[in-house]
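Below is one structure, written out as structure tokens; the observations come after it.
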Amino acid sequence: MQTNPRLNIRQVTWANPVGADLRAAQQAELDTRFGNSEHEPGPAPSEADTAVFVVAYEKCSGQPLGCGGLRILDAETAEIKRLYVVPYARGSGVASSILAALEAQAHSHGFSVITAEAGSAQSDGRSFYESAGFAAVPNFGPYVGVSHSQCYSKPIDSRSASHTAMA
């Protein structure tokens with residue numbers, strides 16, 4: 001699962017306190033960006049519907065730098081949820097490494113498609129998914145009819161998962 005020699009990416013439980021703190025920081029940032037806390041259509045992800053959750057730690061300091069998870073949508077599809085990198089580590093490859101780890105985990109869990117969503121206040125998220133090979137798709141599930149949402153999808157197989165890991 002390692003894609004960046006400066007990071008340790010560890011699979012943890014949803015209840016892991018470090019992961020919970022990172023998710024809380026992400027939600028606080030989104031609350032500020034959107035101007036309210038009503039920015040997530042549908043139910044929030046939980047331990048029950050999350051197949052994998054990872055935390056990225058900086059090797060030299062042990063500091064947690066980011067996190068991300070895979071929400072199970074159906075037997076073939078997982079959605080990237082709570083992909084977050086602390087502000088001071090952005091632009092250093094942490095998000096790409098987390099995404100690569102999640103794609104590899106999705107493939108190993110038998111998923112053939114991963115999806116993602118980014119809101120209108122997340123132009124950085126939209127650019128990130130597009131540069132990672134995701135294609136814009138019609139809004140799905142709880143995002144249908146939500147004007148501030150943009151949904152993405154990417155087929156994965158052993159070749160695409162390993163390609164992302166090497167990028």
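The values are calculated or read from the model by the stated rules, or taken from the named source; none is laboratory data. On a predicted model such as this, the values are computed, not experimentally measured, just so you know. Don't worry about glycine lacking a Cβ; one is built from the backbone with ideal geometry, like all the others, and counts go over all protein chains shown. Each accessible area value is taken on the protein alone, full model and side chains, heavy atoms only, with ligands, DNA and RNA left out. Shrake-Rupley method; radii C 1.70, N 1.55, O 1.52, S 1.80 Å.
One table, with the values for the structure above:
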read-out: Radius 12 Å from Cβ of Val85, net charge of other residues (Lys, Arg +1; Asp, Glu -1); value: -1
read-out: Contour minus Cα-Cα distance for Ser61 and Ala48 (0.36 nm per residue); value: 1.5 nm
read-out: Cα gyration tensor, the range 1-102 - rounded (a/c under 1.5), prolate or oblate; value: oblate
read-out: Per residue accessible area of the chain, 1.4 Å probe, in Å²; value: 47 Å²
read-out: Value of [θ]222 nm, deg cm²/dmol, for the chain, DSSP H segments ≥ 4, -39500 (n - 2.57) each, nearest 500; value: -9500 deg cm²/dmol
read-out: Prolate/oblate/rounded label for the range 17-167 (Cα gyration tensor, a/c 1.5); value: rounded
read-out: Under DSSP loop assignment and at most 15 Cβ neighbours within 10 Å, longest GluC sites (Glu not before Pro)-free interval of the chain; value: 77-167
read-out: Förster radius 35 Å - calculated FRET efficiency between Glu29 and His109, Cβ distance, rounded to 0.05; value: 0.80
read-out: Spacing of the two label points (7 Å from each Cα toward its C-beta) at His148 and Glu76, in nm; value: 3.3 nm
read-out: For the chain, share of DSSP beta bridges that run antiparallel, in % to the nearest 5; value: 90 percent
read-out: The chain: DSSP helices with Cα axial extent of at least 20 Å and average Kyte-Doolittle hydropathy no lower than 0.5; value: 94-108
read-out: Extension gain, Ala20 back to Asn36 (0.36 nm per residue minus Cα-Cα distance, nm); value: 3.7 nm
read-out: Rounded to 5, percent antiparallel among DSSP beta bridges of the range 62-148; value: 65 percent
read-out: Low-density loop positions, chymotrypsin sites (Phe, Trp or Tyr not before Pro), the range 65-114 - DSSP coil, at most 15 other Cβ in 10 Å; value: none
read-out: Accessible area of the range 55-122 belonging to carbon and sulfur atoms, whole % at 1.4 Å probe; value: 51 percent
read-out: Gain in span if fully extended, Ala135 to Gln11, counting 0.36 nm per residue against the direct Cα distance; value: 42.0 nm
